[in-house]
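The values are calculated or read from the model by the stated rules, or taken from the named source; none is laboratory data. None of these values were measured; they are calculated from a predicted model. Glycine gets a Cβ as well: all are built from the backbone with ideal geometry, and neighbour counts include every protein chain shown. Note: areas computed on protein heavy atoms with side chains; ligands, DNA, RNA excluded. Shrake-Rupley method; radii C 1.70, N 1.55, O 1.52, S 1.80 Å.
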Amino acid sequence: MVLPTTTLKEILIKSGLVTVEDFDSAAASANDTGKSIEDILVFRGLLTSNVFSKLIADHLGVPFIDSKNIEVSPDVLQIVPQNLAKTYKLVPVMKKDNTLVVAMDDPMNVEAVEFVKRLTHLTIQPAYASPEDLRRLLALYKKNFQEEFDQIIKEAALSSKSMDITKSSESVPIIKILDTITEYSVAERASDVHVETQEHEVIIRFRIDGDLQDMLKLPRGVEESLVARIKILSNLKLDEKRVPQDGRYKIVINDEVVALRVSIIPGFYGENVVMRLLRESARPASFGELGIVAHNSDLMQKAIEAPHGMLLVTGPTGSGKTTTLYSVLTILNNVDVKICTIEDPVEYGVNRVTQIQVNSKVGLDFAAGLRSLLRHDPDIIMVGEIRDKETAEIAVHSALTGHLVLSTLHTNDAPGAIPRLLDMGVEPYLVASTVNLVLAQRLVRKICSQCVTSYTPDQATMHKLSELGISTAGQKFYRGAGCDACNHTGFKGRVGIYEALSVTEEIRALIASKATADKILEQAVKQGMVTMLVDGLNKVSSGITTIDQVISAVAVHK
């Protein structure tokens, strides 16, 4: 449902959360960049998505449905079949007596409401859900798919025996298997799908919230057709099975565009596949949604508003560095600036941003790409990763000559980024002159909001906290008890824990004198830096994550 801009302006101004100037500025940026006004306001920290949706619901005079804080019974879900739910863009979420509450992104759609009323013979209460929430609710239809596979696999086994590999890969059963796997992975919010060929079976695993989980076991005999189907969609060579191949293709599920980055490698028993799921239609997260809050948020905002200099995001592989940089890019992406990036790989396409993919086969590495980008008159440059001396020196000189440079490094903490640059051969005075902020981060699992409960940790955990020098006085602890909403894991989603090192005059003096990371850390803490451990403990006290998650994320990398 798209409200007229004038109506939206009236709603937001009346709420008192947004000024006329804020709205007009956001509307102009939305028009220039192709984003929604909501996205611009959320990126700028003026309101949250939930608050925005509640205001829309209040204006329409209907309840608001938050998909993250509602548990839908399978019995209620089945009142409206999946195909009709997708067609009419609605999901039944609650039934009380003779009334059925139906989540819709357009509660004013009288035709859809009347159809459900005739179908169910119940009183229908329309409720507003944002398009993103509605996609999550539609995904609930794919929560239980095991029973679908028995018959599909039988058909696939029979068809593959009588066909060559090309024909069997295009058969209906094989297409059904792959489509069902990908649909289920999207429903489970998985980041990766693993297809692993073993001696007697094929294991399908999903990475959900950072952890791999076995989801399905297929019999040997279908793997060649399944891998061939993936190769066809990814435009890869069908007859090449001896060397690794990389490709990409897109699917659309419940109006959500998902790009799958495919990697295929030969294994001992057959080819193995990993597919990275990249949700292109999903809105990049704001700082608050990422977990960058309070003091850290203020430092980040100041750093990205600087006309030049470097903003570095550090952490191990898989810690969410690229996601953070894309959020920064989205905030900075206005019509009055030129943004260029050099990435490996380009994970998301960003409107009005010039993006270059590293290609080592033709000599296009980070250094070469960065040199080329500088001739395109950019205001802001993003370098996917600083890996070597040449890239580091070009990035530093770019920041010194009037560009805002965003990049990542692999270091354990924020102070460690400084010695890393010096080890690469960058002169201390150049590092001191250009680096504005270093943000270090880790990802931890979020406690399921449906089953969060307080508790007292066991003695082993308390002893570990004591070893880390953490005082437990006044510290609150929470965990998830486990429920249907989180598949009884106690966790749902992930959030970052951060430390932001602002390069002040005192820090610059330490850098120029080649001080150690420990000395820089000591000075940064004196200046008020919130370490990752402290940020994690704050999120533990807020019921966002568990103490075990924080200890695992921080202590392991110290």
Quiz item: Over the stretch 408-530, with a single point scatterer placed on each C-alpha, what log10 of the ratio I(q)/I(0) does the Debye formula yield at q = 0.14, 0.17, 0.19 1/Å?
Solution: -0.77, -0.91, -1.00
Self-check item: Debye, to nearest 20: dipole size of the chain, +1 on Lys, Arg Cβ, -1 on Asp, Glu Cβ
Solution: 400
Exercise. Just round it to a whole percent: the fraction of Cα-Cα distances in the chain exceeding 29 Å.
Key: 61
Practice problem: Subtracting the Cα-Cα distance from 0.36 nm times the residue separation, let me have the gained length for GLU505 to GLU427 in nm, one decimal. | Solution: 26.4 nm
Quiz item: Size of the stretch 1-155 along its principal axes in angstrom, Cα-based, largest extent first?
Solution: 60, 37, 26
Quiz item: If the viscosity is 1.002 mPa s and the temperature 20 °C, what translational diffusion coefficient in µm²/s does Stokes-Einstein give for the stretch 299-419 when Rh comes from Kirkwood over Cα pairs?
Solution: 149
Quiz item: What does the accessible area per residue of the chain come to in Å², with a 1.4 Å probe and no ligands, DNA or RNA counted?
Solution: 46
Quiz prompt | Within the stretch 525-558: backbone nitrogen closer than 18 Å to the SER454 label point (7 Å, Cα to C-beta) | solution = 537-548
Quiz item: For the chain, which whole percent of the accessible surface, found with a 1.4 angstrom probe, sits on carbon and sulfur atoms?
Solution: 50
Quiz prompt | Pairs from LYS86/LYS338; LYS35/LYS476; LYS217/LYS250; LYS217/LYS237; LYS476/LYS526 whose Cα-Cα separation, in the structure shown, is over 31 Å | solution = LYS86/LYS338; LYS35/LYS476
Exercise. Normalise the Debye intensity by I(0) for the stretch 226-347, one equal point scatterer per Cα, no solvent, then take log10 at q = 0.19 Å⁻¹ and round to two decimals.
Key: -1.11
Practice problem: With an 8 Å cut-off on Cα pairs and a minimum separation of 6 or more residues, tell me the relative contact order of the stretch 172-224 in percent. | Solution: 26
Quiz prompt | Free-standing Cys residues across the chain, given no other cysteine C-beta under 4.7 angstrom | solution = CYS340
Quiz item: Given 25 °C and 0.890 mPa s, how large is the Stokes-Einstein diffusion coefficient of the stretch 433-478 in µm²/s, with Rh as the Kirkwood radius over Cα pairs?
Solution: 175
Quiz item: Quick one: length gained pulling PHE268 to LEU119 fully straight, 0.36 nm per residue minus the C-alpha distance?
Solution: 48.3 nm
Practice problem: Show that you can apply the helix-only estimate: for the chain, add -39,500 (n - 2.57) for every DSSP H stretch of four or more residues, divide by all residues, and state [θ] at 222 nm to the nearest 500. | Solution: -12000 deg cm²/dmol
Practice problem: State the extension gain, in nm to one decimal, for the chain segment bounded by GLN82 and ASP97, taking 0.36 nm per residue of separation less the distance between their alpha-carbons. | Solution: 3.1 nm
Quiz item: the stretch 441-508: Rg/Rh from Cα coordinates, Kirkwood Rh?
Solution: 1.12
Quiz prompt | Separation between Cα centres of the stretch 425-447 and the stretch 169-189, rounded to whole Å | solution = 41
Quiz item: For the stretch 254-308, rounded, prolate or oblate, judged on the Cα gyration tensor with a ≥ b ≥ c (square roots of eigenvalues), a/c < 1.5 rounded, else prolate if a/b > b/c?
Solution: prolate
Quiz item: Considering only THR341, ASN83, THR408, whose Cα is most displaced toward the positive end of the charge dipole of the chain, charges sitting on Cβ of Lys, Arg (+1) and Asp, Glu (-1)?
Solution: ASN83
Quiz item: Do any of LYS95/LYS492; LYS54/LYS539; LYS89/LYS176; LYS68/LYS302 go past 29 Å between their Cα atoms, and which?
Solution: LYS68/LYS302
Quiz item: Based on the alpha-carbon gyration tensor of the stretch 161-239 and its eigenvalue square roots a ≥ b ≥ c, which shape applies: rounded if a/c is under 1.5, prolate if not and a/b is larger than b/c, or oblate?
Solution: prolate
Practice problem: Take the Cβ-Cβ distance between LEU17 and ARG279 as r, set R0 to 22 Å, and report the resulting FRET efficiency rounded to the nearest 0.05. | Solution: 0.20
Quiz prompt | the chain: angle of helix 294-304 to the longest principal axis, Cα-based, in degrees nearest 10 | solution = 70
Exercise. Determine the relative contact order of the chain: mean sequence separation of Cα pairs under 8 Å and six or more apart, normalised by residue count, in whole percent.
Key: 10
